[in-house]
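Comments concern the structure below.
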Amino acid sequence: MASVISTDVLIVGAGVAGLWLNARLRRQGFSTVLVENHSLGGAQTLKSQGIIHGGAKYALHGALTGASEAIADMPRRWREALAGDGELDLSGVRLLSEAHYLWSPGTLAGNLTSFFASKAVRGRVDQVKGDQLPPALQNPRFKGKVYRLAELVVDVPSLVERLAELAGDSLLAGQKVEPLFENERLIGLRVDGLDILAQRIVLSAGQGNAELLASLEINVPAQQLRPLHMVMVKGPSLKPLYAHCLGGGPKPRITVTTHPAANGEWVWYVGGDIAEAEGVARTPDEQIAAAKKELTSLLPWVDLSQAQWATLRVDRAEPAQSGLVRPDNAFLADTGRLLVGWPTKLALAPDFSDRVIHALEQDGIKPGNVPALPDFPRPPLGKTAWEQLLP
């Protein structure tokens with residue numbers, strides 16, 4: 001391997017943000033190198049629920065928020081890419097569900113009035129009944145209401161695999177990443193002894209951004225971590241369910257997505273309010289007990305006697321916000337040759353890439369005549385938590 005190489009854009013962090021950006025830049029003719037020190041998508045990306053939000057989740061209290069506006073166009077852009085005629089060709093990526101659902105248990109309907117009056121959901125919500133209900137809710141004992149959202153749920157492992165294909169020869173497995181200076185000016189990065197010179201460097205390493213910024217002695221932008229304590233359930237009686245269950249507040253009581261396990265069974269991956277503050281404070285056993293109680297209360301006809309249970313702690317890495325609030329959209333800080341960002345949600349990967357591409361255009365950065373890359377050691381594909389914790 002050469003000791004010094006050049007590229008147009010050097011990206012650090014191969015989660016969905018780095019992989020999506022890398023694929024878009026290569027499609028535009030840029031030479032790229034994408035460095036990953038662990039596995040592709042193996043940190044935050046493969047711990048997501050795969051929901052391509054369109055804003056409905058953020059309008060449950062009836063107000064149109066910045067988040068609902070920023071994310072409103074994401075389902076369309078993802079659908080076009082999944083059909084093979086969008087900004088990327090993601091045809092072949094497995095779509096777990098054509099829609100995500102909003103589920104109001106029992107007679108709880110009071111908090112739906114303002115929700116359906118919200119501009120954020122007009123024309124994008126339809127009530128479903130009978131055989132249109134998600135399979136897990138098609139039971140005579142179910143008495144609630146269900147609404148179909150114009151959102152979708154993707155199989156994240158197949159998404160990561162496809163984005164890795166689009167990366168071609170640009171992926172580099174590298175453990176030690178250090179800044180490379182010339183006359184006190186950042187010109188690239190040294191990765192395991194290989195000097196990589198680049199017109200622009202993009203940090204999209206999620207939680208890893210903090211360490212990289214510290215090595216560069218950069219304090220702004222700062223990073224925040226918002227913790228979750230997710231629950232996984234695998235069992236022979238589970239049927240597909242992709243839904244937010246409404247509670248009495250502005251957040252879903254639980255959010256369930258369903259994922260295929262290697263043995264042919266389904267895994268319910270449970271987030272929502274149960275995974276937030278109180279859930280974070282619980283031990284794994286306490287969190288499993290709380291989830292059992294909640295699911296038994298909401299879905300008493302589902303036999304959980306043979307189910308396997310596990311929990312997963314997730315730290316969502318984001319730009320620091322006052323009061324640890326959730327950022328509304330993808331974030332990018334332009335500090336000259338260095339661009340630092342977080343997509344903040346899987347669905348916002350296209351928004352993140354828009355911001356980077358806009359920054360390149362503003363700075364007049366165009367594809368250069370860069371020599372072909374050498375053969376790099378390639379990072380492996382990441383594994384989902386249920387593959388590792390629910391054998």
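Does Asn209 fit the bill of being among the polar types (S, T, N, Q), surrounded by fewer than 18 Cβ atoms within 10 Å (Cβ to Cβ) and closer than 23 Å to Arg326 by Cβ? When the stated conditions are applied, Asn209 does not pass them. Note on region 225-272: residues that are out of contact with any Cys (no Cβ under 8 Å at 6 or more places or on another chain), of a type in the set (Lys, Arg) and within 20 Å of Ile288 (Cβ to Cβ) amount to 1.
Among the residues of region 327-358, those that are in contact with a helix residue (DSSP H, G or I) (Cβ under 6 Å, 6 or more places away or on another chain) and either farther than 20 Å from Asn219 by Cβ or assigned to a loop (DSSP other than H, G, I, E, B) (or both) comprise Asp328, Asn329, Ala330, Pro343, Leu346, Ala347, Ala349, Pro350, Phe352, Ser353, Val356.
Please go through region 277-289 and give me each residue that is surrounded by 14 or more Cβ atoms within 10 Å (Cβ to Cβ) and under 25 Å from the mean Cα position of the chain (by Cα), ordered by number. Answer for region 277-289, where residues must be surrounded by 14 or more Cβ atoms within 10 Å (Cβ to Cβ) and under 25 Å from the mean Cα position of the chain (by Cα): Gly279, Val280, Arg282, Pro284, Gln287, Ile288.
Only one of the numbered conditions (1) at pLDDT 95 or above; (2) among the hydrophobic types (A, V, I, L, M, F, W, C); (3) over 18 Å from the mean Cα position of the chain (by Cα); (4) not in a loop (DSSP other than H, G, I, E, B) is not met by Leu241, and that is (4). Kindly indicate whether Leu197 is of a type in the set (A, V, I, L, M), farther than 28 Å from Ala320 by Cβ, touching a residue at least 40 places away in the same chain (Cβ under 8 Å) and not assigned by the TED database to the domain that holds Leu312. In short, yes.
Considering the conditions (1) more than 22 Å from His38 (Cα to Cα); (2) surrounded by 20 or more Cβ atoms within 10 Å (Cβ to Cβ), Ala333 is excluded by exactly one of them, (2).
Here the strands (runs of 3 or more DSSP E) wholly within region 1-98 that include at least 3 residues being at pLDDT 95 or above and buried (at least 23 other Cβ atoms within 10 Å of the Cβ) are 4-12, 32-36. Sort out which residues of region 283-300 are touching a helix residue (DSSP H, G or I) at 6+ places or on another chain (Cβ under 9 Å) and in contact (Cβ under 8 Å) with a residue 60 or more places away in the chain, and write them in order of number. Once the filter is applied, which keeps residues that are touching a helix residue (DSSP H, G or I) at 6+ places or on another chain (Cβ under 9 Å) and in contact (Cβ under 8 Å) with a residue 60 or more places away in the chain, region 283-300 yields Ala291, Leu299. For region 100-116, what are the residues that are of a type in the set (Gly, Ala, Ser) and either at pLDDT 95 or above or not in a loop (DSSP other than H, G, I, E, B) (or both)? Of everything in region 100-116, those that are of a type in the set (Gly, Ala, Ser) and either at pLDDT 95 or above or not in a loop (DSSP other than H, G, I, E, B) (or both) turn out to be Ser104, Ser114. Within the option set Arg162, Arg141, being touching a residue at least 12 places away in the same chain (Cβ under 8 Å) and either more than 30 Å from Asn37 (Cα to Cα) or in the same structural domain as Pro252 (by the TED database) (or both) holds for one residue only, Arg141. Here Pro240 passes the criteria (1) crowded, with 20+ Cβ neighbours inside 10 Å; (2) over 28 Å from Asp8 (Cβ atoms) except the one numbered (1).
For region 183-205, the set of residues classified as small (Gly, Ala, Ser) and at pLDDT 95 or above consists of Gly188, Ala198, Ser204, Ala205, listed by residue number.
Residues checked against (1) on the phi > 0 side of the Ramachandran plot; (2) in contact with a Pro (Cβ under 8 Å, 6 or more places away or on another chain):
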site: Glu151; (1), (2): no, yes
site: Val154; (1), (2): no, no
site: Leu171; (1), (2): no, yes
site: Leu186; (1), (2): no, yes
site: Ala210; (1), (2): no, no
site: Glu217; (1), (2): yes, no
site: Leu225; (1), (2): no, no
site: Leu228; (1), (2): no, no
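Only one of the numbered conditions (1) touching a residue at least 24 places away in the same chain (Cβ under 8 Å); (2) out of contact with any Phe, Trp or Tyr (no Cβ under 9 Å at 6 or more places or on another chain); (3) within 20 Å of Leu46 (Cβ to Cβ) is violated by Leu172, and that is (2).
When Val340, Val280, Val314 are checked against the criterion of being outside the structural domain of Lys251 (by the TED database) and hydrophobic (A, V, I, L, M, F, W, C), a single residue qualifies: Val340.
The values are calculated or read from the model by the stated rules, or taken from the named source; none is laboratory data. Owing to the predicted nature of the structure, the values given are computational and were not obtained by experimental measurement. Every residue, glycine as well, gets a Cβ built from its backbone with ideal geometry; the counts of neighbours run over all protein chains shown.
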